[in-house]
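The values are calculated or read from the model by the stated rules, or taken from the named source; none is laboratory data. Since the structure is predicted, the reported quantities are computational estimates derived from the model, not experimental observations. As a convention, Cβ positions derive from the backbone with ideal geometry for all residues, glycine included, and neighbour counts pool all protein chains shown.
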2 protein chains.
Amino acid sequence: MVTDTFFDDTLAIDITMATLQSINYSIYFDNSLDELVNFVAKGDYSRFFVLTDENTGKHCLPLLKEKFGEDAKFDIIEINAGEESKDIDFCIGVWKMLIDFGADRQSLLINLGGGVISDLGGFAASTFKRGIDFVHVPTTLLSQVDASVGGKTGIDIDSIKNIIGTFTQPKAVFIEYSFIQTLPARQVLSGLAEMLKHGLIADASYWNLLKSSNLTVPSAELIYLSIAIKNKVVIEDPHEKGIRKSLNFGHTIGHAVETYSLINDEDSLSHGEAIAIGMICESYLSYKKTGLSKAELDEITGVLTSLYPAYSLNAENNEALYDLMLKDKKNQRGKINCTLLDTIGQCSIDNICTKEELFEALAYYTNL
Amino acid sequence: MVTDTFFDDTLAIDITMATLQSINYSIYFDNSLDELVNFVAKGDYSRFFVLTDENTGKHCLPLLKEKFGEDAKFDIIEINAGEESKDIDFCIGVWKMLIDFGADRQSLLINLGGGVISDLGGFAASTFKRGIDFVHVPTTLLSQVDASVGGKTGIDIDSIKNIIGTFTQPKAVFIEYSFIQTLPARQVLSGLAEMLKHGLIADASYWNLLKSSNLTVPSAELIYLSIAIKNKVVIEDPHEKGIRKSLNFGHTIGHAVETYSLINDEDSLSHGEAIAIGMICESYLSYKKTGLSKAELDEITGVLTSLYPAYSLNAENNEALYDLMLKDKKNQRGKINCTLLDTIGQCSIDNICTKEELFEALAYYTNL
C-alpha cells in the first residue's frame, strides 16, 4: 500500500505553534504548564495524581508544583527511571498506589516524564477501575514527538516491548519546550530519530529542513512540525489498521535491536539509537524492494551515521534478532512486516520481508 | 435519578429466543455452538485459542472439540477454576502463554467458562498487543446472564474485585443451554441472584414470572429474558455513566460481603449468595430512603431468604465491610454510592449512603 497522496501539505501548517487538535483532545504548546493548571481547574476531578520518575521528580516536578501553587493538594507516584520500569511488576505497583491513595473514577493521572512514564501511566490509568482520565506532560524530546501523541499505551513483559497495552487517548497533552533545552545530548538524539523518521515517511521538505538545522537542541518549531505530522497520521488511523503503520518505519529491525541491547548490553542503546539502526537497515530494504534510489539510501545512511554512534552487530546476532522480530506485534500470520520507503517523504506499508532479506539488511549496517 | 420510563416493554420481547443484537455483536441462543463454528470459519483469523479452567476443560471442551471437528487446530490455555484465578498473576500467565504460542493480532480468543474466564480472558485479550478479538461461551448460569454480556472485563488485585479492567465488547456471545442443565444447585443459585436482580430493577412482570417458576433449573426462556434486560441496559449506556448503574443494585454491600468472605472463609460465598445478601440489605435501604414499601421489602426478603442460606454476619464485621465498600469503584469523592429500588421493577441510581445507614442495613440482615 502506497501512501503518496496522504502527506502533501504538512509544511503548509503555519508554525505559529497554535494548539493542535487531536482525537477529542488538544495538544498545547504555548504556556503549556499554565494550560495544564487551567485544565485541572476546569475539569470536574475529585483529585489528581502525578506519576514521575526520580529524574523528572527532581528536575520537572518543582516547576509543576510552582505552577499549581502551594495550596494544591495532589499525591505523587514516583518510579525508577529507565525502560525496566515499564515491566508489568511496576505497573502493578502503580495500580496498588492508586488503590492505597483511594483514587476513584473521577481521579486524574498526570504523566510527567518520558515515554516510559506516558506509556506505563497511560496503561495504568486506562485500566484502573476500567479507566480514569490521564494527561501527558512529556519531558523528553522522544516523548514529546512520539509517545505522548496518538493514544498508544503499553507495558513490557519479559523485555518484550509494549506487548500489553491499550489504545486510549489522553485528555490533553502539554508540550513544555523548556524541559528540552537542558536535556543531555544522548536524550536529544533519541528523540531526533523519530523526527527524522517523520520527514522520511511523510515530508521531504521537513527532512531537508532537519538536515539544514542545528540539531543539538532542535527548535520549538521543528518539534511542533514533527508532532503535527504524527498527529495527522493518528487522527486518520487511530487503531493502526492502515496509514498509521507508516510510523513503524525503522521499528521492525529497530525494536529487535533495542530489545537485544536491553537484554545483553550493560549500557543499552536508547530507543532512538536503535531506531536509527533500524532505519538504516530498512532503508536498505527499501532500496532493494520498494524503489528507494541508491542516492537516497546513501543520503539517509550518511545523515544517520553522522548523528549516531556505530553499534557492534555481527552475523552471530542474526538469529537472536530474528527471533525477536518474530515476536513483533506488526507481524501477520507469522510473516515479518515492514514499512519501507518508496522515496524520501513517501512510504509503503505491509511489506513482507524474508529472513534472508532481513539478514542482508543487517549485513548492510554491519559492513558500513 | 429515577429510571421509571426506561424499562417498560421488556416482556413484550417475543421469547422465540431470536439472536439478540448488542453493541456491534450478536448473542446467539439457537444452535449456538454451531454458530460459533460458523463465526470462526467466517472470521479472517490467523488462529484461535480456547481459554478454559479444569472444570470446563473436562465438561464443556469435549463438546466444542466435537463441533469443530477432528482436524481443527487450536491451542488450549487452561487455568485453575475459582475466583483466585482472576488475580493479575494468572492474567500474566495467560499473556505469557499467548506470547509463547505466537499469538498475533489476527488471533481470536474463545473464553469457555464462567465469569472468571470471561472477565479474565476478556481483559487479557483486550490488552494483548493492544487488543485481539475475543468471544464468550459462558458455561455457568451466572456468566450467561451477567458477565458475558456488556463488555466489562476485569481482574483482581489483592482480592479487590475487578479493580483493573477495560470496557471492551466481545465479538460475539454464544449461549448454550445444555451447559446449564447439569450445573450443581449452588451454581444455579449464584446465577439466579442476577436474574432476580434484573426483575427487581427493571421489570415487575419478570420478577413475578420468576417467583412462579421452577427455579431449580431455570428455563431457557427465563435465561433469554434476563439477558434481554441486561442487554437493553448496556446498549443504552455501555460505559456506566447513568442507567447501567441500575445493574449495581445489591452490589455495593454484596461485593464487600463477597470479598470479605473470600478473604476470611474457607468455603467462600458464591457471587450470587453474596449479592442476595446485598439485595436484602439494599432493599432495606430502599425502604428507608427511596420509597420501597414495607410489603415489598418483606416480599423481597422472603423470596431471597427462602432461596439462599443464611450467612453469619455480626456487628463486629461492620468496619471491615465498610472499608471494603470504601474501595468500591462506584464511589464518587469518597462517598458510598448505591443503586436502590423505588418499587419492584423500578430503581434509582446514585444514592449516597452514610456509614450509619449501611450499618443499619447490615443489622437488618443479621436480625432476620
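Some notes on this structure:
- Scan of the stretch B:140-184 for residues that are part of a strand (DSSP E or B) and either touching a strand residue (DSSP E or B) at 6+ places or on another chain (Cβ under 6 Å) or not hydrophobic (A, V, I, L, M, F, W, C) (or both), ordered by number: B:K152, B:I155, B:D156, B:I157, B:K161, B:N162, B:I163, B:I164, B:A172, B:V173, B:F174
- Residue within the stretch B:69-76 that is hydrophobic (A, V, I, L, M, F, W, C), under 25 Å from the mean Cα position of the chain (by Cα), surrounded by fewer than 18 Cβ atoms within 10 Å (Cβ to Cβ) and within 30 Å of B:M17 (Cβ to Cβ) present: yes
- For the stretch B:26-65, the candidate set comprises residues that are over 27 Å from B:S85 (Cα atoms), outside any loop (DSSP other than H, G, I, E, B) and out of contact with any strand residue (DSSP E or B) (no Cβ under 8 Å at 6 or more places or on another chain); within that set, the residue that is farthest from the other protein chains (Cβ to nearest Cβ) is B:D34.
- Restricting attention to the stretch B:254-270, the residues that are in a helix (DSSP H, G or I) and either closer than 14 Å to B:L307 by Cα or among the aliphatic types (A, V, I, L, M) (or both) add up to 4.
- Candidates B:T343, B:T339, B:T354 - the one that is in contact with a Cys (Cβ under 9 Å, 6 or more places away or on another chain) and of a type in the set (S, T, N, Q): B:T339
- Any hit, the stretch A:355-367, residues being part of a strand (DSSP E or B), at pLDDT 95 or above, buried (at least 16 other Cβ atoms within 10 Å of the Cβ) and over 23 Å from the mean Cα position of the chain (by Cα): no
- Taking the criterion of being within 26 Å of the chain's Cα centre (by Cα) and either modelled with pLDDT of 95 or more or charged (D, E, K, R) (or both), the residues of the stretch B:81-96 that qualify are B:E83, B:E84, B:K86, B:D87, B:I88, B:D89, B:F90, B:C91, B:I92, B:G93, B:V94, B:W95.
- Criterion: among the small types (G, A, S) and within 14 Å of chain A (Cβ to nearest Cβ) - qualifying residue of B:G199, B:G242, B:G272, B:G191: B:G242
- Extreme residue, nearest to the other protein chains (Cβ to nearest Cβ), among residues of the stretch A:78-90 that are surrounded by fewer than 23 Cβ atoms within 10 Å (Cβ to Cβ) and hydrophobic (A, V, I, L, M, F, W, C): A:I88
- B:K96 in a helix (DSSP H, G or I) and among the basic types (K, R): yes
- Any hit, the stretch B:165-180, residues being crowded, with 24+ Cβ neighbours inside 10 Å, within 14 Å of chain A (Cβ to nearest Cβ) and either touching a Pro at 6+ places or on another chain (Cβ under 6 Å) or not acidic (D, E) (or both): yes
- So B:I117, is it within 19 Å of the chain's Cα centre (by Cα), more than 17 Å from B:I155 (Cα to Cα) and surrounded by 24 or more Cβ atoms within 10 Å (Cβ to Cβ): no
- The single condition among (1) touching a Gly at 6+ places or on another chain (Cβ under 9 Å); (2) more than 14 Å from chain A (Cβ to nearest Cβ) that B:L326 does not meet is (2).
- Any hit, the stretch A:312-331, residues being assigned to a helix (DSSP H, G or I), under 23 Å from the mean Cα position of the chain (by Cα), closer than 19 Å to A:H198 by Cα and not acidic (D, E): no
- A:I160 within 14 Å of chain B (Cβ to nearest Cβ), crowded, with 24+ Cβ neighbours inside 10 Å and either touching a residue at least 12 places away in the same chain (Cβ under 8 Å) or under 16 Å from the mean Cα position of the chain (by Cα) (or both): no
- Tally, over the stretch B:340-354, of residues that are outside any strand (DSSP E or B) and at positive phi: 1
- In the set (1) in contact with a helix residue (DSSP H, G or I) (Cβ under 7 Å, 6 or more places away or on another chain); (2) farther than 23 Å from A:Y364 by Cα; (3) at pLDDT 95 or above; (4) of a type outside the set (F, W, Y), A:A204 fails one condition alone, (1).
Per-residue answers, yes or no, for (1) farther than 30 Å from B:M195 by Cβ; (2) among the polar types (S, T, N, Q); (3) in contact with a His (Cβ under 9 Å, 6 or more places away or on another chain):
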site: B:E54; (1), (2), (3): no, no, no
site: B:F68; (1), (2), (3): yes, no, no
site: B:K73; (1), (2), (3): yes, no, no
site: B:I76; (1), (2), (3): yes, no, no
site: B:A81; (1), (2), (3): no, no, no
site: B:I92; (1), (2), (3): yes, no, no
site: B:S118; (1), (2), (3): no, yes, yes
site: B:T140; (1), (2), (3): no, yes, no
site: B:S143; (1), (2), (3): no, yes, yes
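- Which numbered condition B:G93 misses (of (1) crowded, with 23+ Cβ neighbours inside 10 Å; (2) out of contact with any Leu (no Cβ under 7 Å at 6 or more places or on another chain); (3) more than 10 Å from chain A (Cβ to nearest Cβ)): (1)
- Of residues in the stretch B:215-244 being part of a helix (DSSP H, G or I) and among the basic types (K, R), the one farthest from B:V173 (Cα to Cα): B:R244
- Candidates B:K330, B:K355, B:K288, B:K294: the one that is in contact with a strand residue (DSSP E or B) (Cβ under 6 Å, 6 or more places away or on another chain) and basic (K, R) is B:K330.
- Filter result for A:D298 (more than 20 Å from the chain's Cα centre (by Cα), more than 14 Å from chain B (Cβ to nearest Cβ) and modelled with pLDDT under 95): no
- Residue check for A:V137: β-branched (V, I, T), part of a strand (DSSP E or B) and under 29 Å from A:I223 (Cα atoms): yes
- Yes/no for B:A274 being under 18 Å from B:D146 (Cβ atoms), free of Cβ contacts under 8 Å to residues at least 40 places away in the same chain and of a type in the set (A, V, I, L, M): yes
- Only one of the listed residues (B:L313, B:L341, B:L358) is in contact (Cβ under 8 Å) with a residue 60 or more places away in the chain and under 14 Å from B:I253 (Cα atoms). That residue is B:L358.
- B:S219 being among the small types (G, A, S) and surrounded by fewer than 20 Cβ atoms within 10 Å (Cβ to Cβ): yes
- Qualifying positions in the stretch B:104-133 - in a strand (DSSP E or B) and either in contact with a Lys or Arg (Cβ under 7 Å, 6 or more places away or on another chain) or within 11 Å of chain A (Cβ to nearest Cβ) (or both): B:S107, B:F128, B:D133
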